[in-house]
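Beneath this line is the structure, given in structure tokens, with notes to follow.
The values are calculated or read from the model by the stated rules, or taken from the named source; none is laboratory data. Since this is a predicted model, take the numbers as computed values, not measurements. Cβ: placed from backbone, ideal geometry, glycine included. Neighbour counts: every protein chain shown. Only protein heavy atoms, including side chains, enter the accessible area calculation; ligands, DNA and RNA are left aside. Shrake-Rupley method; radii C 1.70, N 1.55, O 1.52, S 1.80 Å.
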Amino acid sequence: MKYQTIRDVGVKGKTVLVRVDYNVPLDNDGKIMDDLRIRASLPTLEYLREAGAGKVILISHLGRPEGKDEKLSLGVAAKALGRMLPNVKFAKDVSGPEVKNAVAGMKDGEILLLENLRFDPGEEGNSAEFIKKIIDATGAEVYVQDGFAVVHRAHASTDAVAKYLPVYMGLLLEKEVSNLEKVALNPEKPVLLIIGGSKVEDKEPLIEKFTKKADRIVVGGKIAADGYKGGDDIYVAEDFDEDKSGAKLDVGPVAMTKIAGFITDAKTIIWNGLLGKAEDPAYATASTIAAEMIGEKEDAETVICGGDTTGFVENLMKDHPDLKYSLVSTGGGAALELLAGKKLPGLEAIRKN
């Protein structure tokens, strides 16, 4: 690893500020629909407690608020985390007197989650003054970056923070980066890249990067249905299951048979983007077959990335806990950019240590 992790710093008795990613999906009633990102933060939080950290303070964003929006308060995430870990508290601000008082009243081993970072424009504005106010209010001595899904953004909590505190990689971030760099830089062959979804412009850098590295690239989903043109080593789905109007909504049996053969042969598999309109069970067949086949491969490095794809696989794993993957990534855009070889501001900040 090229990065300093929390294993490289003594945290005993110290106040640790942790950037987590609790940008969880909410239903119309404000209830959490999928708590994957909260659960994914537990190894880092448990490590800090076991290592004797004094006070652990968490910061995150939720959604895209325009100013303060109570519907996007992180209070709901604090309650969810409190059901997973003991002694979790919440402060309805990120700096100022309320935070100072909350931190002063904390006992060793307690966890405090602060309010939505994006309630203040300083977060997305990469404001050094904004993050300094948070550090001053919390008395933070160590900064842990564990929000993989945001490290591709130059925001205050990913970039500007490095001006004031040493930044260390959390265990989730370490797991994400190590697995993604392994398949991007030194993959075991044969390498299979499966691309689906609908936004071809988001996938092109990844396809271009893996044109020379992958033994086979497969394209399905709406991208294929819309007539994507592949090269010599790119297989584009050739048949589809259609609805009554003729809309191509899932990869068909001929294409799926070929894709299944590629999965069987592969030693490294990277999957980004569903193969069909999988939110409709009638058109989830190809994605389900692919997910089950990949999850049953014990002799391969398997990486699932992209919000819709990871959500689909997570739901499938609830009914099929025997399915195993090397990584079900919590980051969509961050994973794509890392795999495509781009520099991520949040990782560059850790290298500055």
| Among Asp21, Asp232, Asp136, whose mean-square fluctuation peaks in a Gaussian network model of the chain (Cα, cutoff 10 Å)? | Asp232
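If you take the beta carbon distance between Ser245 and His320 as r and set R0 to 35 Å, what does 1/(1 + (r/R0)^6) give as a FRET efficiency, to the nearest 0.05? Provide the component values of the computation, followed by the final result.
Values: r = 32 Å, r/R0 = 0.93.
Efficiency at R0 = 35 Å is approximately 0.60.
Show Thr285, Thr268 ordered by accessible area, largest first, where the area counts protein heavy atoms only and the probe is 1.4 Å. If you can, show how the numbers build up before the last one.
Details: Thr285 70, Thr268 0 Å².
Final ranking, largest accessible area leading: Thr285, Thr268.
Which value in deg cm²/dmol, rounded to the nearest 500, describes the helix-derived mean residue ellipticity at 222 nm for the chain, given -39,500 (n - 2.57) per DSSP H run of n ≥ 4 and division by the residue count?
Numbers: 13 runs with 123 residues, N = 353.
Helix contribution divided over all residues of the chain: -10000 deg cm²/dmol.
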| request: Please tell me which of these pairs span more than 19 angstrom C-alpha to C-alpha: Lys175/Lys222; Lys212/Lys324; Lys244/Lys277? | output: Lys175/Lys222; Lys212/Lys324
| task | Just the number, please: carbon plus sulfur as a percent of the accessible area of the chain, 1.4 Å probe, no ligands or DNA/RNA counted. | result | 47
| With the other protein chains left in place, how much accessible area per residue, in square angstrom, belongs to the chain at a 1.4 angstrom probe? | 44
| Karplus-derived 3J(HN,Hα), 6.51/-1.76/1.60, for each residue of the range 315-322, Hz, glycine and proline x | 5, 5, 5, 5, 8, 10, x, 6
| note | One finds, for Lys343 and Lys79 with R0 = 35 angstrom and r their Cβ-Cβ distance, a FRET efficiency to the nearest 0.05 of 0.45
| said: 7 Å from Cα along Cα→Cβ at both Lys229 and Glu279: what's the point-to-point distance in nm? | reply: 3.1
| Over the chain, what is the percentage of antiparallel beta bridges among all DSSP beta bridges, to the nearest 5? | 10
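Mind putting a number on the dipole of the chain about its Cα centre? Charges go on the C-beta only, +1 for Lys and Arg and -1 for Asp and Glu, and I need it in Debye to the nearest 20.
Details: 47 positive and 56 negative charges, 262 e Å.
Charge dipole, the chain, about its Cα centre: 1260 debye, nearest 20.
Pairs to check: Lys182/Lys297; Lys89/Lys318; Lys133/Lys342; Lys55/Lys343; Lys213/Lys342; Lys133/Lys163. Give those whose C-alpha atoms are more than 21 Å from each other in this structure. Could you put the intermediate results ahead of the total?
Values: Lys182/Lys297 17 Å; Lys89/Lys318 29 Å; Lys133/Lys342 30 Å; Lys55/Lys343 32 Å; Lys213/Lys342 16 Å; Lys133/Lys163 13 Å.
Going by Cα-Cα distance, Lys89/Lys318; Lys133/Lys342; Lys55/Lys343 fall outside the 21 Å limit.
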| If you bin every alpha carbon distance in the chain into 10 Å steps from zero, what whole percent lands in each bin? | 5, 24, 31, 22, 13, 4, 0
| Of Pro345, Ser95, Ile32, which is farthest on the positive side of the dipole of the chain, counting Cα position, with +1 on Lys and Arg Cβ, -1 on Asp and Glu Cβ, and the Cα centre as origin? | Ser95
| task | Distance between Cα centroids, the range 259-294 to the range 1-38: provide it in whole Å. | result | 29
